[in-house]
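One structure is given here, and the rest of the page talks about it.
Laboratory data are not the source of any read-out in this text; all were calculated from the coordinates shown. A quick note: this is a predicted structure, and the numbers were derived from the prediction, not measured. All Cβ positions, glycine included, derive from the backbone under ideal geometry; neighbour counts span all protein chains shown.
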Amino acid sequence: MSFQILDIVLYGFNREKRVLGLKPGCLNIITGASKTGKTALIEIMDYCLGSSKCGIPEGVICQNVEWVGLRLHLTEGQAFTARRLPTAGQPASSDVFYAVGKEVTVPEYAALAQTTNPKALEGLLTAHAGISENVHEPPPGQTRSPLTANIRHALFYCFQQQSEVISNRHLFHKQSEQFIPQAIKDTMPYFLGAVDDEHVAKMDELRRLRRELRGLERKLAEYEGVRGRGISRAQGLVSEAVDIGLRPSGTVSEEWEECVALLKDIHSEPLPEEEEEITAEGEEYERLQRERQQLTQEFHRIKEQLQAAQALSSDREGYSREAEAQLARLRSMELFEEKEGVDHGICPLCQSQLDENQIPPFISDLRESVNEMRAQMRSVEERSPQMQSVVRTLEGRLEEARRKLRGNREGLEALQASDRRLQALRDRAARRAHVLGRIGLYLESLPALEDTSDLKREMEELRGQIRQLDEELSDDAVRDRIESCLSILSRDMSGWARELRLEHSEHPLRLDLKRLTVVADSDEGPIPMERMGSGENWVGYHLVSHFALHKWFVGRNRPVPRFVFIDQPSQAYFPEDQDWEQAGERERGEDREAVGRMYQLALEVVKQLSPAFQVIITDHANIDEPWFQECIVERWREGGKLVPPEWAKR
């Protein structure tokens, strides 16, 4: 798919339209005097084809034209796109009219309205040109982003402005602008076909295969991480088990499966005797501690009971001693006996009369008190043996509790005396437990493992596919295909340069894609275009380069628009303000013949590629030859211009 130009259309503020018709598959010449609008045509076409800014010169066009449009001849059908000119101060307008169909007529002014936007228009034109999905990946280490070729990149090969066609440093359209040279270098392999339409799909497939391979490599690395490399983890764990005494010493197998089987046996074996001993000793120690706690509680309880009994016995003895003393004093009263007629108001010693409050008790009362005290003493003395028996019993139980505590302490001291041996056993048991834990953790990961032979075979198949795609997509392969393209282009360029009789045409010519220029390979070394000298040579090398490229594009059905627009290629031979028609009667000179050769070459290339290639040339040249006159589509002289003069009278 691609397209050529059928019409260039202008819509004035006066609601009228101006249609400049072009013939697809032909050489189209627009000849005229200076300041008639020839140079503006490239900017009008570029703006209608999705440019981000309007380069149409200020002046008559911007003052009188509201919309500009193009009618396109597609591979199948036609399309029309128009774009409103921006208002003052704006770089471009977003108002775009677009129509497509089998046949599309140029619409009237009243039908124009925004139906899409510049970004969408770019996508539509990219599709019309046949540009498929593509991407340029910068080489490793480059910071620029990947680039996708679109219609804007294809147009670098379709326009040659007046200042570009005569440049000795810049070969392509807009090459002098920032970032454009790199964009041309990045996208040219795609447009030449060195990177084919399947390149993106293959790149996606390559990325997918690499992702899949990385996933399998990670999976295999996990397996290998479990199995280990060299002295594997399994071998290391077996060695540790031997060192700690979980397995008798011997040679550690080099086979991973045997090591795993041995680790499973070690992990399932019962505890060694030392562990049982540690367990038994630990239980005895805990039992003695519990027993000592019980004995201590029992000892304190008996001691409290004994203290209470001893206190009671002490109180009884005190009471007996006091009662004995009182009874002894009362026994002196036995000297006195009660007699009849005895006056108790008279003292028996001094016979003096006693006061009422000094009269002593009667002897019978004292005797009654003595008898009562003796009875109490007998009761106390009768219970004393029982209390002594209680005290002795409690003392015996207390002594028994002491003995048991001494025995318990001796048992604990015996265990503590062997503490170092027990601690050593405990440390050894802890180490064994640590090793067994690591063995168990290792074995737990084994159920997820599987046979890796299929995995490795799949990885090898992926690597084979990746190698094949790498070879197809490698920079070396792309460079080889580009060199092949350039070799064919060089053949055409060299032949056409000899037809134009350009300097250095006796040497092979080639496109230098690194510097984006033309180089002649002489015996003394390469001669770039900037050192070739004279404007005639620069114009000629621009023409042969673009014609050779478009011949390649057409022959290989590459997605580049099938036209090239060249503005004033004869400027290097004749001043722009010289009127060729006025000089028509003058004898032709060498310069006129050179200009004729350029146009004849353009006509030859168009006929060779017909109907798939269109050349549009604006020039002040007007060669009085039938073949040239047949190619003229419009003459802008004697008042004829791009913008009709009457539009300015509105």
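Could you name the lysines whose alpha carbon sits less than 18 Å from that of K551, not counting residues in the same chain fewer than 8 places away?
In chain and number order, the partners are K607.
So which lysines pass the test for K303, namely a Cα distance under 27 Å, with those fewer than 8 places away in the same chain ruled out?
K404
Report the FRET efficiency, 1/(1 + (r/R0)^6), for K607 and Q182, where r is their Cβ-Cβ distance and R0 is 45 Å, rounded to 0.05.
0.80
With label points built 7 Å along Cα→Cβ from the Cα atoms of D523 and S163, find their separation and express it in nm.
For D523 paired with S163, the spin-label model returns 4.1 nm.
Per the Kirkwood formula on distinct C-alpha pairs, the Rh of segment 477-631 is how many angstrom?
16.6
If the cut-off is 17 Å between C-alpha atoms, which lysines fall inside it for K119, apart from same-chain ones fewer than 8 positions away?
Candidates past the 8-residue exclusion: K53.
Quick check on the exposure proxy: order C631, C158 from fewest to most C-beta atoms within 10 angstrom. Numbers along the way, then the final one.
Values: C631 22, C158 26.
In order of increasing Cβ crowding within 10 Å: C631, C158.
How much length would be gained if the chain were fully extended between K23 and T87, taking 0.36 nm per residue of separation minus their Cα-Cα distance, in nm to one decimal?
19.8 nm
Expressed as a whole number of Å, what is the distance separating the alpha-carbon centroids of segment 483-520 and segment 164-215?
Answer, in whole Å: 22.
If one computes the Cα centroid of segment 27-49 and of segment 80-95, what distance in Å separates the two points?
After rounding, the separation between the Cα centres reads 18 Å.
So who's got an amide H within less than 5 Å of the one on D95, skipping anything under 5 residues away but keeping other chains? H placed 1.01 Å off N, in plane.
So D95 has HN proximity to R84.
How high is the FRET efficiency from R409 to H300, r the C-beta distance, R0 25 Å, rounded to 0.05?
It comes out at approximately 0.95.
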